[in-house]
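Please read the structure below before turning to the comments.
The values are calculated or read from the model by the stated rules, or taken from the named source; none is laboratory data. Just so it is clear, the structure is predicted and the values come from calculations on it, not from any experiment. In this analysis, Cβ positions are derived from the backbone assuming ideal geometry, glycine residues included, and neighbour counts consider all displayed protein chains.
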Amino acid sequence: MPLVTHHYHTPPSGCESVGKVDATDSAQLFEAMRGVDAVVNAVAGTSNVIRANARALYEAAARQPQPPRVVYLSSMAVYGAASGVVDESSSLTQNAGGYAGAKVEAERIARGYPRAVILRPGCIYGRGSRQWSERIARWLLAGRIGDLGSRGAGFCNLVHIDDLVAALLNALRQPDIEGECFNIVMPGSLTWNEYFLWLAQFHNALPVRRISEKRLLFEGSVLAPALKAAQLVARLLGADSAAVPEPMPPSLLRLFSQNIRLDGRKSEDRLGLHFTPLMTGLRTLK
């Protein structure tokens, strides 16, 4: 299995080779895909990179003598501020900017390629999840997050990293799914407050602190911009920006209260997924 990346210096186990290409360059991608049966597109980056990569990738794939299946790793962000139960037929956010808008545009481009399969994972947790496990654990230990009251009553739509990998592998192998989209999320209705409590128990961060509305407002509107600016200054000066506490952006605080529940039954039925129970998933953090 070839791997095209700009992160790894040596091939992970099971990979025959590692190539380094510009993910927004159609010619380089065309060469990298020669003789390849399937592609997993998990490119991250700025909104411009996400859009440019989608255009370049599907152009390069369509030019192959035997166009490969492309599994595109999208995001639940495409549903925007939707509430209630959301399945794959639900409307995507319109006129969104930033990350969500870029993902919607990338999906639109993917749909023009007949052999594309789109996966929309929820919040990916587990060992190595910097965003939804490691970062939140640090905030819990620092007392910056905890019981958010009504501001943490939204549903967190978790998916364990192992289940996402299984979804990717099944999406590469399963017949008769090209042109389809799949929500990848474990069943249930876990709230963010409940997730914070369980995560705190596994990281010895009890008791969980009650975080006031005033504190959250301060985090999002005052502290987040200041910390973001400090990170940028540190990078400009060649200092370690990781030493600056991580900002808690307003978009994240809005997500904690968003009443959105992804329906993942299609991925269970069509991709044959069996989701990891939360307690089992949390034990992998030890």
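If you go through segment 135-187 and pick out every residue that is surrounded by 15 or more Cβ atoms within 10 Å (Cβ to Cβ) and in a loop (DSSP other than H, G, I, E, B), you end up with 14. Here A239 fulfils each of the conditions (1) under 23 Å from L148 (Cβ atoms); (2) assigned to a loop (DSSP other than H, G, I, E, B) apart from (1). Restricting attention to segment 17-45, the residues being touching a residue at least 24 places away in the same chain (Cβ under 8 Å) and under 21 Å from R108 (Cα atoms) number 11.
Given the criteria surrounded by 17 or more Cβ atoms within 10 Å (Cβ to Cβ) and at pLDDT 90 or above, does R254 qualify? Considered against the rule, which asks whether it is surrounded by 17 or more Cβ atoms within 10 Å (Cβ to Cβ) and at pLDDT 90 or above, R254 comes out as no. When restricted to residues that are among the aliphatic types (A, V, I, L, M) and either without any contact (Cβ under 8 Å) to a residue 24 or more places away in the chain or part of a helix (DSSP H, G or I) (or both), segment 100-134 contains 6.
What about K286, is it of a type outside the set (D, E) and farther than 21 Å from S133 by Cα?
Judged against the criteria, K286 is not a match.
Selection over segment 247-286 of residues that are in contact with an Asp or Glu (Cβ under 9 Å, 6 or more places away or on another chain), part of a helix (DSSP H, G or I) and among the charged types (D, E, K, R) gives a count of 3.
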